[in-house]
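No value in this document is a laboratory result; all are computed from the given coordinates. None of the values given here were measured: they were computed from a predicted structure. Note: ideal-geometry Cβ built from the backbone for every residue, glycine included; neighbour counts use all protein chains shown.
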Amino acid sequence: MIYDLAVVGLGAIGTFAVRAAATKGLTVAGFDAHHPPHAHGSTHGSTRLIRAIYSEGPYYVPLIRSAIAAWDEVNAEAGRPLYHATGAHYFAPRSHPDLEAAIATAEDGGLELVRVSDVPGIALPADWDAVFDPLGGFIEVESTLAFVQDESSRQSGVAAFLGEEVSYAFDGELWELTRKNTASKVRAKSLAVCPGPWAAQMLPFLKDHLRLERHTLHWSESGTSATGESQGFTPFLSHLENGEWIYGFPADENGLVKIAEHKFGKSCKSISEVDRDVYPSDRKVIADFAERFIPNIGAITRSSVCPYTMSPDGDFIIDHLPGGSNAAFVAGLSGHGYKFAPALGRIVTELAVDGSADLDVSAFRLGRFG
Ligand SMILES: Cc1cc2nc3c(=O)[nH]c(=O)nc-3n(C[C@H](O)[C@H](O)[C@H](O)COP(=O)(O)OP(=O)(O)OC[C@H]3O[C@@H](n4cnc5c(N)ncnc54)[C@H](O)[C@@H]3O)c2cc1C
């Protein structure tokens, strides 16, 4: 059988690429070296922040609008909230450039944003700014992927090859995926490569543009803090004096509050060399933040490591493969890609299958690096 589309990598982006292809009525073969959702790549750790206001650039606003509409659809299909539309709070020392940039982007993009003087559950210093983003919230990571994968697998014409590391080549007419385990080949008319932290191996032309960063996630006991969703505690992002961004989530069903750092990860050479151990210095950053801003929170009881795939400017890289108008990739998501997964999955599918995407992705082209 010759598939309309082959998708390599079924993490956050590839899962939604398969969904987009199936929705178009295409036949699609998805491949993953592991069994997603899994903890080897960049899509694990129970929750992801979704924020509509973006200091990173105005070109993210159409993506977030598209993604939020898609997350609403996922919720409707699931019959329960996988995307929790709780709103989100951002806070920073007065006139912090990162928060100011985010506010300016929201205003330019016509997004609603409310300046507030209190953040529920947070001890906000009197001389700090805070805003509420009504479109913000959080997404359940693994359960959402499992749900979407399960839904897609029911569509006729969708095949998933799991535990199957593949390589790809173009034979002049079709894309040929070689399955490492068996050396057997699967053929497709178009190709979407969504390799997450394996991008430097899967897309060697990106090698000089990508860098892996090790980041840590931590879960604290909620103690007697007011961190319950029912207490009005929302996901938050705080821009600190030293340039670090710390973000967190309401207590989960086990009473654990997830808090993580975003800016000061440690570079690593390759995905196989990411140090998965968590050290007291990793925990101290989060414990200090929690002690300062979240009254009565308990101790950190669990931690985890997850790699970011950094592009040189922190913006995504989305393009056709060199010389291949029927092949496209998404890479360099720089630690902020999950919230956009439905939009990015659709875009990479459209680029590969149709040659162009409905949404404007010119800001994300590889050519910007010269
Ligand atoms: C600690 C941490 C916190 C984050 N927080 C947020 C957040 O709050 N909000 C947000 O929006 N984003 C966040 N992100 C970023 C977001 O989670 C990632 O951008 C996104 O999940 C990456 O998805 P992906 O599909 O690109 O990669 P992955 O999910 O890692 O998937 C890549 C897949 O490709 C497969 N693969 C690779 N090579 C091959 C091959 N040769 N053959 C077959 N399969 C292959 C792998 O097995 C893997 O399953 C965070 C990331 C981390 C690490």
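Structure summary
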item	result
Under Karplus coefficients 6.51, -1.76 and 1.60, residue-wise ³J(HN,Hα) of region 324-334 in Hz, glycine/proline x	x, 6, 9, 9, 9, 9, 10, 8, x, 6, 6
Eligible aspartates and glutamates near Lys284 by straight Cα distance, threshold 18 Å, same-chain separation 8 or greater	Glu221, Glu241, Glu244, Glu261, Asp275
Compactness of region 1-109, expressed as Rg and Dmax over alpha-carbon positions, Å	17.4, 60
Of the DSSP H helices in the chain, those whose Cα atoms cover at least 24 Å axially and whose Kyte score averages -1.0 or more	61-78
Amide H contacts under 5 Å for Gly228, placed H, 5+ residues apart	Phe233, Ala251
Per residue, the convex hull volume that the Cα atoms of region 188-316 enclose (Å³)	156
Lysines with Cα under 28 Å of Lys185, excluding same-chain neighbours fewer than 8 positions away	Lys24, Lys207
Distance histogram for region 174-241 (every C-alpha pair counted, 10 angstrom bins, percent rounded to whole numbers)	13, 24, 20, 18, 18, 6
Karplus-derived HN-Hα couplings along region 272-279 (A = 6.51, B = -1.76, C = 1.60, θ = phi - 60°), whole Hz, x at Gly and Pro	6, 9, 5, 6, 8, 7, 10, 10
Whole-Hz couplings from phi, Karplus 6.51/-1.76/1.60, listed for region 50-57; x for Gly and Pro	10, 10, 8, 8, 9, 5, 5, x
Neighbour count of at most 16 Cβ within 10 Å plus DSSP loop: longest trypsin sites (Lys or Arg not before Pro)-free window in the chain	277-364
Viscosity 1.002 mPa s, temperature 20 °C, Stokes-Einstein D of region 41-188 from Kirkwood C-alpha radius, µm²/s	115
Rg/Rh for region 245-330, where both radii come from Cα atoms and Rh is the Kirkwood radius	1.10
Rounded D (µm²/s) - the chain, Kirkwood Rh over Cα pairs, Stokes-Einstein at 20 °C, 1.002 mPa s	102
Farthest positive-ward along the chain dipole, Cα basis, beta-carbon charges - from Ala188, His320, Leu82	Ala188
5 angstrom amide H check on Tyr3, placed H, neighbours 5+ away	Arg187, Ala188, Lys189
Net dipole in debye of region 259-370 [+1 Lys, Arg Cβ; -1 Asp, Glu Cβ; about Cα centre; nearest 20]	340
Gained length - Lys266 relative to Asn254, 0.36 nm times residue gap less alpha-carbon distance	1.3 nm
